[in-house]
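Structure, as structure tokens:
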Amino acid sequence: MLNQSRMPLIEALESYDREKVIPFDVPGHKHGKGLDGFHQFLKHYGMTLDVNSMKSLDIISNPTSVIKEAEELLARAYGGDYSFFMIGGTTAAVQAMIMAGVKPGEKIILPRNAHKSALNGLILSGAVPVYIQPTINEKLGIAMGITRESLERALDENPDAKAVFIINPTYYGFTSDLAVLTELAHSRGVLVLADEAHGAHFPFNPQMPLSAMKAGCDISSVSLHKTGGSLTQSSALIMRENPYVSYPHMRGTINLSLTTSASYLLMGSLDYARQTLVTRGEKILGDLLGTVRIYREKINRIPGMYAFAREVLDGNGAMDFDETKLTINLGELKLTGYEVYDLLRERYHIQAELADDHNVLFILSLGDDEESLEPLYQALKAIGEEYHGGNKFNFIKRMKNPEGIVSPRNAYYANKKSLPLDEVVGEVSGESIMVYPPGIPIIAPGERFSQEIVDYIKFLKKQKAMMTGPEDNSLSQIKVLGM
Ligand SMILES: Cc1ncc(COP(=O)(O)O)c(C=O)c1O
């Protein structure tokens with residue numbers, strides 16, 4: 001018998017609150033500290049302003065008054081002509097821009113380290129991917145951006161491509177030479193879409209990498225909830241006037257899957273975050289950068305740890321770097337990134353954003369300062385002293401892109417069977433498998449399993465990495481194409 005008086009989720013949330021976790025993950029407001037005015041607003045009006053659309057409050061799907069005005073302000077803040085409030089996360093924005101820009105069967109060029117929202121956008125739109133390999137920093141074990149040469153080759157080989165999709169920046173904070181890539185794509189008459197899930201703060205301090213609108217991109221998906229301070233799930237799509245996608249077409253595409261009951265608290269938080277970023281962002285981000293630089297130096301004196309920054313840029317695939325992404329490479333430590341991630345939370349109540357084999361990543365934003373960075377530094381120092389001296393896992397994971405056999409949409413709708421993980425080598429995957437975060441599929445629907453991919457999935461299982469995607473969460477059985 002289930003006990004209906006229980007509230008398991010509420011209990012877990014209350015327990016999180018009691019633990020007094022120090023958040024180095026998203027959302028960027030960091031328990032309200034980074035958007036204090038809105039924190040007070042919510043305390044005051046949290047429930048009374050949880051309302052639905054009405055004449056005086058406009059409507060998100062066809063805004064004509066206050067939402068329209070707030071969207072215009074947001075568009076200008078980002079240097080665009082139009083903006084759309086999104087309340088289904090940046091996932092909804094990424095998928096809408098792909099669906100609006102590329103028709104079923106048409107080609108889109110994108111890096112294979114795109115987030116699952118983009119790869120799932122291919123299923124929804126029916127677009128056919130042309131993947132380009134991002135450059136890899138072998139020492140760090142991290143995928144960077146894409147080069148001009150790789151985009152030019154893809155455009156030469158696919159003159160019928162309709163769009164290019166660029167990540168600005170990657171999860172780890174690296175950007176490609178966005179203005180050059182955009183100019184190249186435009187010279188071939190190709191639409192440029194930017195995934196700026198991690199770039200919401202870029203336009204507000206000149207020390208940040210170039211933002212998509214400044215670089216000339218046509219449409220950008222911006223996660224204000226990640227580093228802009230707004231509430232989780234709230235995001236925006238920014239668009240400039242362009243010859244490929246019109247405002248009404250973009251609006252219509254967004255409306256296909258938009259709720260008719262959008263949360264005014266989420267939308268209000270976008271308005272608040274925009275106002276804060278425009279009026280105070282430069283100072284807040286400038287102060288944050290000053291503090292981060294001090295702590296990067298301190299962390300780099302801890303044995304076994306390396307908090308990299310602009311010195312790893314190569315002027316090509318890695319053109320610029322966002323210093324508010326604090327990633328620590330653990331090449332000289334006896335622990336993997338996954339183990340450090342778990343240790344930080346269990347022993348020090350510190351929540352990192354993500355881990356991979358050799359790295360652990362912390363997101364710093366409007367709500368961070370010395371008060372949050374000092375305990376992180378102390379915890380890392382203790383871990384470094386205890387565990388330095390050679391990485392016990394010599395697992396070099398940098399795999400080649402899996403071979404794409406069937407388009408993501410055709411694979412999604414194809415007949416499928418389940419096979420044990422050990423028997424899938426050579427089979428075409430019917431589902432995505434990824435570590436979340438970052439949510440970059442190790443294999444996506446329509447791609448062929450290699451022995452290397454299977455070995456890597458087994459390694460991740462052993463590491464107890466947070467795996468998602470397949471129907472069977474235990475990853476014992478995998479869906480592959482066939483009867
Ligand atoms: C690069 C990238 N794009 C898109 C998304 C989707 O954002 P959201 O979680 O707001 O749906 C994420 C989320 O982590 C991301 O990292």
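Figures for the structure shown
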| read-out | value |
| --- | --- |
| Of all residues in region 87-96 being assigned to a helix (DSSP H, G or I) and within 11 Å of the ligand (Cβ to nearest atom), the one that is farthest from I219 (Cα to Cα) | G89 |
| So K298, is it of a type in the set (K, R) and under 24 Å from the mean Cα position of the chain (by Cα) | no |
| Pairs with Cβ under 7 Å, 6+ apart, first in region 65-82 and in the same structural domain as L193 (by TED's automatic domain parsing), second of a type in the set (G, A, S) and modelled with pLDDT of 95 or more | E71/S83; L74/S83; L74/A236; A75/S83; Y78/S211; G79/S211; D81/A75; Y82/A75 |
| Count of region 211-235 residues which are within 17 Å of the chain's Cα centre (by Cα) and surrounded by fewer than 24 Cβ atoms within 10 Å (Cβ to Cβ) | 3 |
| Which numbered condition A382 fails, given (1) surrounded by fewer than 17 Cβ atoms within 10 Å (Cβ to Cβ); (2) in a loop (DSSP other than H, G, I, E, B); (3) among the hydrophobic types (A, V, I, L, M, F, W, C) | (2) |
| Cβ-Cβ under 7 Å pairs, at least 6 apart or on other chains, region 93-117 side assigned by TED's automatic domain parsing to the domain that holds N168 and surrounded by fewer than 24 Cβ atoms within 10 Å (Cβ to Cβ), far side charged (D, E, K, R) and in a loop (DSSP other than H, G, I, E, B) | E106/K162; K107/D160; K107/K162 |
| Given (1) away from the ligand (no atom under 16 Å from the Cβ); (2) buried (at least 22 other Cβ atoms within 10 Å of the Cβ); (3) within 30 Å of D356 (Cα to Cα); (4) not aliphatic (A, V, I, L, M), number of the condition P134 does not satisfy | (1) |
| Condition check for A197: among the small types (G, A, S), more than 14 Å from the ligand (Cβ to nearest atom) and in contact with a strand residue (DSSP E or B) (Cβ under 8 Å, 6 or more places away or on another chain) | no |
| Of all residues in region 137-180 being part of a loop (DSSP other than H, G, I, E, B) and over 22 Å from the mean Cα position of the chain (by Cα), the one that is farthest from the ligand (Cβ to nearest atom) | P159 |
| Scope region 439-453; condition crowded, with 18+ Cβ neighbours inside 10 Å and outside any loop (DSSP other than H, G, I, E, B); matching residues | I443, E447, R448, I453 |
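The values are calculated or read from the model by the stated rules, or taken from the named source; none is laboratory data. The structure displayed is predicted, hence computed values, not measured ones. All Cβ positions, even for glycine, are placed from backbone atoms using ideal geometry, and neighbour counts span all protein chains on display.
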